[in-house]
1. Is at least one residue of the range 34-46 open to solvent by 50 Å² or more (accessible area, probe 1.4 Å) and modelled with pLDDT of 85 or more?
2. Tell me which residues, restricted to the range 26-52, are among the aliphatic types (A, V, I, L, M), free of Cβ contacts under 8 Å to residues at least 24 places away in the same chain and in a helix (DSSP H, G or I).
3. Could you please find all residues in the range 193-240 being β-branched (Val, Ile, Thr), outside any helix (DSSP H, G or I) and open to solvent by less than 10 Å² (accessible area, probe 1.4 Å)?
4. Would you check if there is a residue in the range 176-188 being under 17 Å from the mean Cα position of the chain (by Cα), under 21 Å from PHE91 (Cα atoms) and not hydrophobic (A, V, I, L, M, F, W, C)?
5. Can you tell me how many residues within the range 200-222 are without any contact (Cβ under 8 Å) to a residue 60 or more places away in the chain and under 20 Å from PHE77 (Cβ atoms)?
6. For the range 151-168, check the following and say yes or no: at least one residue is surrounded by 19 or more Cβ atoms within 10 Å (Cβ to Cβ), on the phi < 0 side of the Ramachandran plot and under 14 Å from the mean Cα position of the chain (by Cα).
7. Find the residue count for the range 101-127, including only residues that are crowded, with 17+ Cβ neighbours inside 10 Å and of a type outside the set (A, V, I, L, M).
Amino acid sequence: MLPVVRKMVQLLSSSARDLAPIVAVVAFFQIVVVGEAPEELGALVTGLVAVLLGLTLFVRGLEMSLFPLGENMATAFARKGSLSWLLLFAFALGFGTTVAEPALIAVAAEAAEVASGSGALAPTDSAKHRYALGLRLTVALSVGLAITAGVFRILKGWPVHWAIIGGYVLVMVITLFAPPEIVGIAYDSGGVTTSTVTVPLVAALGVGLASSLQGRNPLLDGFGLIAFASLTPMIFVMLYGLLVHA
């Protein structure tokens, strides 16, 4: 039990160091600039302790489950030599983790509310639900295709920077034609997809795949999947906006 306790103490200390700058900034402005104690200080302290424990358990859970799972699956598919199953797994992983992403669910629901309030959408619950669901599925589809393309890039050994440069050029071109009310949502979609659920599994998949292939460097070839996952939603959401808002 002692090694386990020692490990948890180390993780708690690491999480506390990570949270310390945020707490220091908030405390400084609250005390020096605002000049008064925050309301419900006890509840804030309790919440801070909950955040510390949650962050510690989350990081430990990644180390124990998601990272090994992604690496083991990539190694198993590479060992079997089945390209079609590997690409299908990459798509399913990208789609499944994204459609369940809490940040994406919240952003899609908020986008539906704003679209309804601005008159771009019928002010009914069913219309807002369809809009939010369509937005989520569009982003999830784009991430699934992005992870598939990123895995294929690792297999071929193509440099990642040319694909990213070409993708952002395409983003700028589509921005010129997309409805203005969808552009901001599209750009934010690229950020919300790379969150707590998607990033650990996708990163582990890339590193595990590159590690199991001869001639591939995990550091050079294993990373870059997250860049694909944040790029393609911007393109697909603006195309979705062209269809819906038209």
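The values are calculated or read from the model by the stated rules, or taken from the named source; none is laboratory data. Note that the structure is a prediction, hence the values are computed from the model and not measured. As a convention, Cβ positions derive from the backbone with ideal geometry for all residues, glycine included, and neighbour counts pool all protein chains shown. Remember, those area values only see protein heavy atoms, side chains included, never the ligands or the DNA or RNA. Shrake-Rupley method; radii C 1.70, N 1.55, O 1.52, S 1.80 Å.
1. Looking through the range 34-46, at least one residue is open to solvent by 50 Å² or more (accessible area, probe 1.4 Å) and modelled with pLDDT of 85 or more.
2. VAL26, ALA27, ILE31, VAL32, VAL33, VAL34, LEU41, ALA43, LEU44, VAL45, VAL49, ALA50
3. Matches in the range 193-240: THR193 only.
4. no
5. Residues in the range 200-222 being without any contact (Cβ under 8 Å) to a residue 60 or more places away in the chain and under 20 Å from PHE77 (Cβ atoms): 5 in total.
6. No.
7. Of the residues in that region, 2 qualify.
Table: residues versus (1) in contact (Cβ under 8 Å) with a residue 12 or more places away in the chain; (2) more than 28 Å from ILE154 (Cα to Cα); (3) basic (Lys, Arg).
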position	(1), (2), (3)
GLY117	no, yes, no
ALA132	yes, yes, no
VAL139	yes, no, no
VAL143	yes, no, no
